[in-house]
1. Restrict the check to segment 258-266 and report whether at least one residue is among the basic types (Lys, Arg) and either under 22 Å from TYR58 (Cα atoms) or out of contact with any Pro (no Cβ under 9 Å at 6 or more places or on another chain) (or both).
2. Among (1) of a type outside the set (S, T, N, Q); (2) buried (at least 16 other Cβ atoms within 10 Å of the Cβ); (3) without any contact (Cβ under 8 Å) to a residue 24 or more places away in the chain, which single condition is VAL68 missing?
3. Test VAL94 against the criterion of being touching a Gly at 6+ places or on another chain (Cβ under 6 Å), at negative phi and part of a helix (DSSP H, G or I), and give yes or no.
4. Output the number of the condition that ASP233 fails; it satisfies all remaining conditions of (1) surrounded by 12 or more Cβ atoms within 10 Å (Cβ to Cβ); (2) more than 22 Å from ASN269 (Cα to Cα).
5. Within segment 282-316, how many residues turn out to be of a type in the set (Phe, Trp, Tyr) and at positive phi?
6. Being over 22 Å from the mean Cα position of the chain (by Cα) and modelled with pLDDT of 80 or more narrows it down to one residue among VAL103, VAL18; which is it?
7. What are the pairs with Cβ atoms under 6 angstrom where one residue, in segment 31-48, is touching a residue at least 60 places away in the same chain (Cβ under 8 Å) and the other, located anywhere, is surrounded by 10 or more Cβ atoms within 10 Å (Cβ to Cβ) and in a loop (DSSP other than H, G, I, E, B)? Sequence gap at least six, or different chains.
8. Take segment 70-96 and flag every residue that is at pLDDT 75 or above, within 19 Å of MET153 (Cβ to Cβ) and among the aliphatic types (A, V, I, L, M).
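The values are calculated or read from the model by the stated rules, or taken from the named source; none is laboratory data. Predicted model, so just to flag it, every value in this text is computed and none were measured. Every residue, glycine as well, gets a Cβ built from its backbone with ideal geometry; the counts of neighbours run over all protein chains shown.
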Amino acid sequence: MKYVTKVQTLLTSSKLIVLLIIIAAGIYYLAKGETDNFQDPFEDTAQEPGQFALAIFYATFAYGGWQVMTTMLAEVKDPSRDPPLASYISFAIVISLYLMANVSYLTLLSPAQVKGSVAVSSDFIAEISDVLVIVVSVLVALTSIGALNASIMGHSRLLFAGARNGHMPQILGMVHAKYLTPWPSIFVYTAWALVMLFTGGVVDMMDYISLFSTIMALVVIGALLHLRWKQPDLERPYKTVLIVPILEMIINLAVLVLGIYQKPDKMGNGLAILFAGIPIYWFGVLWKNKPKEFVEIVDSLTKIAQKLFLLTKVKK
């Protein structure tokens, strides 16, 4: 884990370097008076509520990633103090850098160019220097690897935690005997990532991830509000003003409904994938009295996988 976190720190630094290069260039050109594109930056902006909902969907994806931290709480020394502090600091930094970067883009690129670009940072840097394009391209590639590294490190823990609570096959709740990392969960997560890679595009992935994230946020907030109502005296290490989760729930619900209205086919497919998990959940979790033969086969396959990949169980 120490090696992974060091690599992640290095890769995250590459993202900060790219953003700082863009922001520094933007400040320079603003100082030179390059403000033509700021005369009417919201010209031809869509007015339909559904389009705003999709914009929030994509913004959720762009600002996402912090959720990975919640999957790592079991490995944090002081989970009641460090995660909230990290969230506040990281949100302030990321929002500030992203806003300044978008302002910088408009110093050299028109709103139409920004909207139509598939790699706006590269297009912006190309207006400055061809040499810098190569440097920024390498740094952006490292940034992508960093996002992948964080995703593998964090999201595989969801399968791992689910297995330890009996919601996934037992094998996914095991770790490598030497490296103490959840290899089975990482393998399954990687396999599904390859399926997504070869069966759709980036926009499809963003649509599905944003849809699932919004639904998950609604479920989590609803559960927290229910607990706050039914069990008000529970110890709560993380606290906020009650109006915050209520507003978030209303906004997420509105975004979800408008997003489905705007893209019924795509969002319908996403909902179908989500609901397809219900019979699997019933079979794997709710159905307790499975046939003895089935249980024995699963246990045998689990033992074979344990020996093959040097896996061991982890004490709760």
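1. Here is the first cut: in segment 258-266, the ones among the basic types (Lys, Arg) are 263, 266.
Next, from what is left, pick out any that are either under 22 Å from TYR58 (Cα atoms) or out of contact with any Pro (no Cβ under 9 Å at 6 or more places or on another chain) (or both): 263, 266.
Yes; the residues of segment 258-266 include at least one that is among the basic types (Lys, Arg) and either under 22 Å from TYR58 (Cα atoms) or out of contact with any Pro (no Cβ under 9 Å at 6 or more places or on another chain) (or both).
2. Answer for VAL68: the failing condition is (3).
3. On the way: touching a Gly at 6+ places or on another chain (Cβ under 6 Å): no; at negative phi: yes; part of a helix (DSSP H, G or I): yes.
Criteria not met by VAL94.
4. Every listed condition holds for ASP233 apart from (1).
5. Looking only at segment 282-316, we keep the residues that are of a type in the set (Phe, Trp, Tyr), and these are 282-283, 287, 294, 309.
Cutting the leftovers down to at positive phi gives us none.
The qualifying residues number 0.
6. Result of the check over VAL103, VAL18: VAL103.
7. If the second residue must be surrounded by 10 or more Cβ atoms within 10 Å (Cβ to Cβ) and in a loop (DSSP other than H, G, I, E, B), the pairs left are ASN37/SER110.
8. Answer for segment 70-96, where residues must be at pLDDT 75 or above, within 19 Å of MET153 (Cβ to Cβ) and among the aliphatic types (A, V, I, L, M): VAL76, ALA86, VAL94.
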